[in-house]
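Input: a single structure, listed below in structure tokens.
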Amino acid sequence: PVFGDPDLPQEGEVNTVDDPGSTVMGGAQNPVIESQFPNQMDAPATDISTQQFFWSSFNISPRRVQRGGWARELTQPDFAISEEIAGVNMYLEAGGIRELHWHQTAEWALMTRGNCRITTLSRDGLPSVDDVQEGDLWYFPPGLPHSLQGMGPDGAEFVLAFDDGAQSESNTLLLTDWFAHTPPEVLAKNFGVAQEVFADIPLHDLWIFPGEVPGDLEADRAAAGVVPGTEAVIFRLSRSTPVFENSGGSIRIADSSNFPASKTVAAGLVTIEPGSMRELHWHPNADEWQYWLKGQGRMTVFNTGPHANTTDFRPGDVGVVKRNLGHYIENTGEETLIFLETFRSDHYEEVSLANWLSHLPPALVSQHLNIPAEVLATFPRGTQGITPLR
């Protein structure tokens with residue numbers, strides 16, 4: 001017996017040629033916003049149904065600004081689909097200090113512009129003082145104290161990824177808050193000094209504030225008591241060897257296999273040349289949280305149902321793809337596309353559609369897709385990472 005066709009009614013613009021019902025009409029339209037999303041306004045004919053919105057942007061997030069720098073964030077209350085990662089985009093002017101603090105979640109970060117001096121303390125009580133530049137990253141486990149300071153000449157801009165979508169940059173444990181809300185006699189007893197020492201401490205937290213540009217790195221390391229051989233909390237991602245590279249672009253990976261400190265966040269830094277694409281794939285171990293750094297592209301996400309929807313991304317945008325959902329990313333612009341993909345996991349995993357199909361009996365695939373075995377033999381074998389323009 002037939003109980004209905006799950007693929008009916010026919011959806012997608014492939015079924016609406018010359019149909020006035022497919023035209024967006026009326027005066028309540030915003031042409032500026034529409035111009036940023038051509039693949040939503042005129043979706044690929046293969047898109048079907050709808051699904052949870054997987055686009056957002058730091059460009060629509062309010063900035064918190066103080067003397068010394070600013071920050072803007074995207075947390076799950078702002079971006080419902082982002083359950084595993086919360087993101088912050090921050091800038092510190094030269095000398096600007098993100099005050100001494102710690103979090104209840106891990107902090108992972110990629111430097112996107114300038115130079116920054118970072119300090120932290122390990123679980124064994126060992127200090128680290130390091131300088132990071134564009135393309136470098138750091139990782140601070142939950143609960144461990146740290147500071148960030150912009151360096152010359154142009155300060156530091158970076159993106160932070162916390163391993164909990166609900167984590168807010170405004171929800172941190174700050175040194176000045178603790179001092180201000182501890183009885184002076186307790187502070188005096190703890191540090192073995194007179195209470196008068198604390199007469200002029202700030203009574204409100206500093207969060208970000210201007211400071212003097214840091215001096216010599218080795219002098220700061222010596223003053224902090226850095227011990228040679230302490231586990232590195234930084235990784236030079238942009239200078240690492242790509243795990244995939246061809247004429248279409250490259251993928252560099254940082255996870256616990258090459259950056260042992262990073263226990264809860266794995267990441268890939270991806271470049272895609274014009275016309276090329278991140279191949280059809282999915283990630284079985286974690287949601288993918290993306291930060292778009294340069295260029296423009298489009299992404300289609302395939303979900304059960306079926307649901308398939310396409311949208312456009314530009315610098316400052318953020319995308320989330322839930323674990324196991326198929327997707328690709330295509331460079332639709334005229335310059336190199338660069339974006340970051342992060343995962344709440346200690347290791348990076350992906351499944352390549354081409355790799356899967358090339359490791360099955362050809363007759364089995366041919367019966368599924370009605371493609372002759374001799375044509376299937378021309379499909380790429382193995383994981384490409386990036387599909388170059390042919």
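The values are calculated or read from the model by the stated rules, or taken from the named source; none is laboratory data. Fair warning: this is a prediction, and the values are worked out from it, not measured in the lab. Because the Cβ atoms are built from the backbone with ideal geometry, glycine has one as well, and the counts that use them run over all protein chains shown. For the accessible areas, the whole protein counts, side chains as well, though only heavy atoms, and no ligand, DNA or RNA atoms are used. Shrake-Rupley method; radii C 1.70, N 1.55, O 1.52, S 1.80 Å.
For this structure, a couple of remarks:
- Enumerated strands (runs of 3 or more DSSP E) restricted to segment 209-295, each holding at least 2 residues that are in contact (Cβ under 8 Å) with a residue 12 or more places away in the chain and open to solvent by 30 Å² or more (accessible area, probe 1.4 Å): 244-246, 277-282, 288-294
- One residue from 188, 199 being at pLDDT 95 or above and surrounded by fewer than 11 Cβ atoms within 10 Å (Cβ to Cβ): 199
- Within segment 327-390, helices (runs of 4 or more DSSP H) holding 2 or more residues that are farther than 26 Å from residue 303 by Cβ: 362-369, 373-376
- Residues of segment 286-343 that are more than 21 Å from residue 42 (Cα to Cα), in contact with a helix residue (DSSP H, G or I) (Cβ under 9 Å, 6 or more places away or on another chain) and of a type in the set (D, E, K, R): none at all.
- Test for residue 298: is it closer than 23 Å to residue 49 by Cα, open to solvent by 10 Å² or more (accessible area, probe 1.4 Å), of a type in the set (D, E, K, R) and touching a residue at least 60 places away in the same chain (Cβ under 8 Å): yes
- Filter result for the condition that a residue is farther than 22 Å from residue 285 by Cα and open to solvent by less than 30 Å² (accessible area, probe 1.4 Å), over 376, 360, 340, 369: 376
- Hey, residue 98 of a type in the set (Lys, Arg), buried (at least 22 other Cβ atoms within 10 Å of the Cβ) and either in contact with a strand residue (DSSP E or B) (Cβ under 6 Å, 6 or more places away or on another chain) or at pLDDT below 95 (or both) or not: yes
- Considering segment 307-332, the residues that are open to solvent by 10 Å² or more (accessible area, probe 1.4 Å) and of a type in the set (A, V, I, L, M) include one that is farthest from residue 80 (Cα to Cα), namely 308.
- Of the criteria (1) under 25 Å from residue 246 (Cα atoms); (2) of a type in the set (D, E, K, R); (3) assigned to a loop (DSSP other than H, G, I, E, B), which one residue 323 fails: (1)
- When segment 101-114 is filtered for residues that are in contact (Cβ under 8 Å) with a residue 60 or more places away in the chain and either part of a loop (DSSP other than H, G, I, E, B) or surrounded by fewer than 22 Cβ atoms within 10 Å (Cβ to Cβ) (or both), the ones remaining, listed by number, are 101, 102, 103, 104, 105, 106, 112.
- Residue within segment 115-132 that is part of a strand (DSSP E or B) and either small (Gly, Ala, Ser) or at pLDDT below 95 (or both) present: yes
- Qualifying positions in segment 49-72 - among the aliphatic types (A, V, I, L, M) and open to solvent by 40 Å² or more (accessible area, probe 1.4 Å): 60, 65
- Just so you know, in segment 347-357 the residues that are open to solvent by 60 Å² or more (accessible area, probe 1.4 Å) and in contact with a strand residue (DSSP E or B) (Cβ under 9 Å, 6 or more places away or on another chain) include one that is nearest to residue 108 (Cα to Cα), and it is 347.
- Out of 176, 172, 182, sole residue that is within 30 Å of residue 346 (Cβ to Cβ) and either surrounded by fewer than 11 Cβ atoms within 10 Å (Cβ to Cβ) or β-branched (Val, Ile, Thr) (or both): 172
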